[in-house]
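*Asks:* I have a structure I would like to understand better, so I am pasting it below and will then ask my questions one at a time.
The values are calculated or read from the model by the stated rules, or taken from the named source; none is laboratory data. No experiment lies behind these values; they were computed from the predicted model shown. Cβ placement follows ideal geometry from the backbone for every residue including glycine, while neighbour counts extend to all protein chains displayed. Heavy atoms of the whole protein, side chains included, go into the accessibility calculation; ligands, DNA and RNA do not. Shrake-Rupley method; radii C 1.70, N 1.55, O 1.52, S 1.80 Å.
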Amino acid sequence: MRRRSPLPPSPLPQRDGIDAVRVRLPFEGPWASVREYLVERLSGAAPGVVAGMFDAGLVVGADGKAVAADAAYVPGMFVWFHRELPPEVPVPFAVDVVYRDEHIVVADKPHFLATTPRGGHVTETVLARLRRELGIPALSTAHRLDRLTAGLVLCTLRPEERGAYQTLFSDKRVRKEYEAVAPYDPELALPRTVRSRILKERGVLAARQVEGEPNAVTRVEVVDHRAGLARYRLTPTTGQTHQLRVHMNALGVPLLGDPLYPEVTAPVPAGDFRRPLQLLARALEFTDPVTGVAHRFRSTRTLEAWASYAGWAAEQPYGEGAPNQ
């Protein structure tokens, strides 16, 4: 088997913790120039954006030099440029670092902050923030948490080691423990292990359970309960999208603050950071694949609805998800 040639390094430095976009020109196609291809490739950009990038010398080749607007199309050629990003509403909560050595960083992320750049969340992400704050351009994440979930995220410092840490998760060699707040149902027999098949379709916000071989397994336990609410310990052994939220909803105790389960609600305005989803990635436990050290990390964050339901629910109309009064 022929080994792949390594990708060339970016000639452009990161901007706000974000890598430049790398594009490789297809080996076959009808384009006469690099510009013609990028106009087609970036067809969603506003008119004139690509032309402006070339005029300003913002599209560069592997040597770091600007690609001329009339540069001939070269099959397989790499070019780089930075996207002009729209302003993002800052997430006004800190990312805490709970551990750091020469191989990994373990971050404790707040609610509302995405893990990695995606969609409308690019610079306001754990990855971009930590690259800027720690001064580590090579920092990467080994897995991710949903934007609405708080808690522990494992990051790697060396690109050549990232795969080893990612494999821990794909091989289910990381013990993950979550904490959640949801209504208390005295008729619900717990603890139990929930097994189901979860399907998440592209373009559909909510995942759903379907018939078939289970691909999602979660241990659900009650840690404590009071005033119609319970604090749950959730221990997944698989990692399907929205798995914990889907399983808790299926048990009839959807998580407080969940905008998708049991019903998809209207998006909140940008900058509204009230009533966060009451789900926290509390603990990570694994044996380091590089050093052999046995690690166990715990988040120091608290779930607001358990600490003070009234504070969490301030200005929230009384209704579904509120505990019995």
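*Asks:* As a test of understanding, state the convex hull volume per residue of the chain from its alpha carbons, in Å³.
*Replies:* So the per-residue Cα hull volume is 181 Å³.
*Asks:* Just name one of Ala45, Val97, Val174: the one whose Cα is farthest towards the positive end of the charge dipole of the stretch 32-187 (beta-carbon charges, Lys/Arg +1, Asp/Glu -1).
*Replies:* The Cα lying farthest towards the positive end belongs to Val174.
*Asks:* Show the residues, 5+ positions off or on another chain, whose built amide H is closer than 5 Å to the amide H of Thr149.
*Replies:* Phe112
*Asks:* Solvent-accessible area per residue for the chain at a 1.4 Å probe radius, Å²?
*Replies:* 54
*Asks:* Would you grab the residues whose amide H sits under 5 Å from the one on Thr141? Only those 5+ places off in sequence or on another chain, please, with H modelled 1.01 Å from N.
*Replies:* Distant-sequence amide H within range of Thr141: Thr156.
*Asks:* Apply the Karplus parameterisation 6.51 cos²θ - 1.76 cosθ + 1.60, with θ equal to phi minus 60°, to every residue of the stretch 192-200 and state each ³J(HN,Hα) to the nearest whole Hz, in sequence, with x for glycine and proline.
*Replies:* 7, 10, 9, 10, 7, 9, 10, 10, 10
*Asks:* Continuing with this model, one more query. Cα centroids of the stretch 93-126 and the stretch 245-283: how far apart, whole angstrom?
*Replies:* Distance between centres, Cα-based: 20 Å.
*Asks:* Modelled label-to-label distance, Thr287 and Thr265, 7 Å Cα→beta-carbon offset: nm?
*Replies:* Roughly 4.4 nm, to one decimal.
*Asks:* Another question, then. Run the numbers on the stretch 83-201 and let me know its relative contact order in percent, using alpha-carbon pairs under 8 Å that are six or more apart.
*Replies:* Relative contact order comes out at 20 percent.
*Asks:* While we're on this one: For the chain, set up a GNM with springs between Cα atoms under 10 Å and report which of Tyr184, Tyr37, Tyr261 has the largest fluctuation.
*Replies:* Tyr37
*Asks:* Another question, if that's okay. Starting from the Cα coordinates of the stretch 186-315, work out the convex hull volume and express it per residue in Å³.
*Replies:* Each residue corresponds to 173 Å³ of Cα convex hull volume.
*Asks:* May I pose another question? Report the label-to-label distance for Arg195 and Glu213 in nanometres (one decimal), using points 7 Å from each Cα along the Cα→Cβ vector.
*Replies:* Here the answer is 1.3 nm between the modelled labels.
*Asks:* Rank Val246, Val105, Val60 by mean-square fluctuation in a GNM of the chain with C-alpha springs under 10 angstrom and give only the top-ranked residue.
*Replies:* Largest GNM mean-square fluctuation: Val60.
*Asks:* Highest mean first, what order results for 185-191, 72-78 on Cβ atoms within 10 Å?
*Replies:* Answer by packing, highest mean first, reads 72-78, 185-191.
*Asks:* Mind checking which lysines have their Cα closer than 16 Å to the Cα of Lys109? Skip sequence neighbours fewer than 8 apart in that chain.
*Replies:* Here the lysines satisfying the reach criterion relative to Lys109 are Lys176.
*Asks:* Using Cα positions and a limit of under 15 Å, work out the aspartates and glutamates in reach of Lys172, with same-chain residues fewer than 8 apart set aside.
*Replies:* Glu285, Asp288
*Asks:* Right, another one. Using amide H atoms built in the peptide plane, which far-off residues or other-chain residues are under 5 Å from Tyr99 H to H?
*Replies:* Val106
*Asks:* What is the Cα radius of gyration of the stretch 1-123 over 2.2 N^0.38 Å, N being its residue count?
*Replies:* So the stretch 1-123 has a normalised radius of gyration of 1.32.
*Asks:* Using only the Cα atoms of the stretch 141-253, construct the convex hull and provide its projected area averaged over every direction, in square nanometres to one decimal.
*Replies:* 8.4
*Asks:* Further question: If you place +1 on the Cβ of every Lys and Arg and -1 on the Cβ of every Asp and Glu, how big does the dipole about the Cα centre of the stretch 97-218 come out, in debye to the nearest 20?
*Replies:* Using only the charged Cβ atoms, the result is roughly 300 debye.
*Asks:* Ranked highest first by the average count of other Cβ atoms within 10 Å around their residues, in what order do 248-259, 197-208, 269-280 fall?
*Replies:* 248-259, 269-280, 197-208
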